Amino acid sequence: MRRPRVFWGESNASLEEERRFGVVDMLVVAGLAGALFGGLRAAHEWTGALRPTVDIDLSPRALPAYAFLSMSRGLIAYVFSLGFTLVYGYWAAKDALAERVLLPLLDILQSIPVLGFMPGLVLALVAAFPGSNVGLELAAVLMIFTGQAWNMTFSYYHSLRTVPADQREAATVYRFGRWERLKWVELPFATIGLVWNSMMSMAGGWFFLMINEAFVLGDRDFRLPGLGSYMSVAVARGDVPAMVWAVFAMATMIVFLDQVLWRPVVVWAQKFRVEEGGQAEAMRSWFLDLLRRSRLLALLGAAVGRSRAHAPPRRHPPHVQPTSPGGGRRTRWPSLLLFGLLLLGLLVGTWRLVLVMRGVTLAQWGTTLGLALVTLGRVLLATVLGTLWTVPAGLAIGLSPRASRLLQPVVQVVASFPAPMLFPVVVAGLSFAGVGLGWGSVLLMLLGTQWYILFNVVAGATAIPADLREMARGYRIEGWARMRSLYLPSIFPYLVTGWITAAGGAWNASIVSELVTFRGRVLSAPGLGAQISEAAARADFPLLAVSVVVMSTVVVTFNRLVWKRLHGLAETRFSLSR
Amino acid sequence: MEAPLCELRGVSQSFTQPNGAPLPVLQGIDLQVRPAEVVCLLGPSGCGKSTLLRILAGLIRPTTGEVLYHGRPLTGLNPGVAIVFQSFALYPWMTVAQNIQVVLQAAGLPRAEVATRAAQAIRTVGLDGFEEAYPRELSGGMKQRVGMARAFSLHPEMLFMDEPFSQVDALTAESLRAEVLDLWASRRSQSSSILMVSHDIKEVVYMADRIVVLGAHPGVVRTVVENTLPRPRDYRSPELLRMVDRLHDIITGHELPDVASPTALAGPEMEPLPTVSTSEIVGLLEYLDARGGCEDVFRMATDTGRDFGKAIGVVKAAEMLELVDTPKRAVALSGTGARFLASDVAGRKALWREQLLQLGLFRQLRAVLEQQPRHELRREQVLELVILRLPFEDYERTFDTLVRWGRFGDLFAYDEERELLSLQ
């Protein structure tokens, strides 16, 4: 039996000692003041008169303000994503009827590239707030949202459905109500998955920042002040120093968010670990340590705790129905009403989509399908290329505890960097080497999506059981034989997850990698992504609708036919936990 | 006799299998929990004892039959029950104190009382000083103490325990049993009762006033044994050991009929296959051989560290194959069994094959396979055959056993990828 926390009292005492008003508290106050000022600035921007196109100042001095505006858009979008996740995921997990519609719908939403949402969002919101910037800002925020929300929702739904049976039963026997069950059991259980997916989502949200802040819709040119539009303008004017500054600012913002937001959250989330056993690796965050030393925050926390303690207790324990033998997720009538509204909305939406697509000729449908196949080829090629380098690299990182400790945080930050910001450099290199965008776009896709494969390979490599590795070493299975008999089979399930995410990302990335503006010239490669970009720019809504529908259909079909099967194979034949 | 706290009348329960056929788990159960008593449900694995506990707790609604609480039909959860779980069911993100407090909060107690009651419960189980520890820092025994403190803190009318000590090491389990009985004795005036599910005969005799012996497939009440041994009881007292022996005899009397007639199996009716691996059967034979060819079945269960239900399954399987005999409570190596042990690998396989073909299921399966053009059958086809012949069995498990046994005797080959069974 391990003696827990022998030094608990002592360490606590030393903590108390450090909690004096001091430098830390001054920093906290300064941080709060800064956030307040920034918030006011952003609010001013939002409520200002409608200016569809802002002149972007390309001097480096303007960058901090732009970076702040972009960051606040990303964070607001994240708050929306989290809210959406909590509601949508809960509904899908708790209501067996709604689940049948909500899950496939989520699959479809995930496959729609941001430009598919853009015209609807922009036109509707700008019309809803005439004369103020709110509509346009909200549209930009919601476009970022479409890059963030879906995988968080999947993760949350999955967690809710996999709460261990004994924990669910204990909650029932001890009469937790719906809210208590959520607060004490389900949310804590879902937290770790939600935190990791939040980090991925935030990175995914930045991917289209350049499009989200600066876009053309027919004869209207929209531009919001921010880092993305700064970069767009710099690229359009071919201003290399400005591009470098923008890349630098973006990198700073990502590192800042990682250190001040995500690290502390990840460290805090460790307490929701379910698995037993000692700490695999104690994670630390200097920022969280700093905050914990603040006397001011401790006082605030205590005050909140006191006010909660005075809250009245719940009077009546809820009446809990036993489950019927079939397993009981029943649909109640308020939920039925919501479900009806959902179906109605979907029907109306589909009908209007059909109306929009009426004018498209059969030949155009045919071309679109052909282009989809070309893009599918690029997506698969990008996935294969990504696999070729990430498998050895990921194994090297994952199999060495030291390398994974040092490199993993670095890789995480690098992966959050929006690849389209690097496209100008790559395109310049490609045109220098004489490679056309037809093949070059594969490289651009790869740039954005290889990380997903790398992450998963690293995770898979760290999860290979020590006894299997020792066996391979003990019996002198080396080189390719070890790769084939040990490494590849044991990372296969992780690899499949990586492929699915990477391919999804590559489809989305096709809209920016098959059509690139470089030094005032428009380079394009035949493909569905290029067609979507062109259709959006020309405000050719029928063609845009058709292209998005085709892309979504191809993606979802391919998921069902190929990825799902590989996933099944991974779970039955290559799972290490069975 | 006092009125029971809660009661089952003619309760049956069946679950729906994936193919739509019902799988009966419990059949015609009558059971009472009376005030101030310790009732234990004893039975082999698969007799539905945990399901029974969950029906009484109101977690599961039975397919048919009545559940009464103080004479009235029970709707919803049983208000008088707190459960101690086999797997502890603690929330890993809450400290020991929080794990107990949330339960009291959910019961609607005022804040001040929540704190005092939780502290009191923690003291009662001897976990002072561990209030702020997280469950992952605790050993199995300490975790179960938290589970017990959580249940006690509510002062329940009935304490339900679902194999509470099976995941705790033997010594700790012994002390926990004594502690539970002490606590129960100190609160006996409040007419609180304990219902415990267990497969450990000694544990049951040590704890229970009344022992409900269940039989499996589907679960039925075999008999109820009143245990009037004076408390405190001693594990080594001759009275207690006699009681243990008596229970052994009751269980074996049902589970291992003396006049087992394997020849009857050759008829159209088929005996279900116990889910037992070939190595377990061979292991049993080796075990018996090492002990001069004969051993008491309970001794064997203890020696092999197996729970009793599992051990019985292995003996049954060996008996079906005529590798052992079961005179009364003993298990003895048969002539065939001795010959099996004396053979080399090829000889063993041949003998095994011969014995398999004594069983109707294998014979018939071979006949069907021989009729096939390529001597192959898809998994679903075999499953259908099994369902047809053994409608009350878990067909997937039966299939797995079938494949294992057949492979060992070189009778069948099975291709997992293509799900094809073929004749060897």
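The values are calculated or read from the model by the stated rules, or taken from the named source; none is laboratory data. None of these values were measured; they are calculated from a predicted model. Cβ placement follows ideal geometry from the backbone for every residue including glycine, while neighbour counts extend to all protein chains displayed.
Points to keep in mind about this one:
- Test: A:Pro241 is away from every other protein chain (no Cβ under 14 Å) and in a loop (DSSP other than H, G, I, E, B): no
- Filter result for the condition that a residue is buried (at least 20 other Cβ atoms within 10 Å of the Cβ), in the same structural domain as A:Leu444 (by TED's automatic domain parsing), not hydrophobic (A, V, I, L, M, F, W, C) and not in a strand (DSSP E or B), over A:Gly498, A:Gly568: A:Gly498
- The listed residues are A:Leu299, A:Leu369, and the only one of them that is modelled with pLDDT of 85 or more and either within 30 Å of A:Ser400 (Cα to Cα) or assigned to a helix (DSSP H, G or I) (or both) turns out to be A:Leu369.
- Of the helices (runs of 4 or more DSSP H) lying entirely inside segment A:166-225, the ones with 2 or more residues being under 21 Å from A:Val410 (Cα atoms) and within 26 Å of the chain's Cα centre (by Cα) are found at A:187-207.
- Some residue of segment B:34-45 being away from chain A (no Cβ under 13 Å) and of a type in the set (Ser, Thr, Tyr): yes
- Residue in segment B:89-108 that is within 30 Å of B:Thr275 (Cβ to Cβ), more than 7 Å from chain A (Cβ to nearest Cβ) and of a type outside the set (A, V, I, L, M) present: no
- Residue identified as of a type outside the set (A, V, I, L, M) and within 12 Å of chain A (Cβ to nearest Cβ) among B:Gly126, B:Gly140: B:Gly140
- Some residue of segment B:112-123 being in contact with a helix residue (DSSP H, G or I) (Cβ under 8 Å, 6 or more places away or on another chain) and modelled with pLDDT under 90: no
- Selection of segment B:77-124 for residues being in contact with a strand residue (DSSP E or B) (Cβ under 7 Å, 6 or more places away or on another chain) and small (Gly, Ala, Ser) yields B:Gly80, B:Ala82.
- Single residue of B:Pro62, B:Pro22 found to be farther than 27 Å from B:Leu181 by Cα, surrounded by 20 or more Cβ atoms within 10 Å (Cβ to Cβ) and not assigned by TED's automatic domain parsing to the domain that holds B:Val386: B:Pro62
- Evaluated against (1) facing chain A (nearest Cβ under 9 Å); (2) closer than 26 Å to B:Pro218 by Cα; (3) aliphatic (A, V, I, L, M), B:Ala82 falls short on exactly one condition, (2).
- The condition of being out of contact with any Gly (no Cβ under 6 Å at 6 or more places or on another chain) and away from every other protein chain (no Cβ under 13 Å) holds for A:Phe145.
- In segment B:372-424, residue farthest from B:Gln17 (Cα to Cα) [restricted to those that are part of a helix (DSSP H, G or I) and of a type in the set (Phe, Trp, Tyr)]: B:Phe408
- With respect to the stated conditions, A:Leu187 fails to be away from chain B (no Cβ under 14 Å) and closer than 27 Å to B:Ala82 by Cβ.
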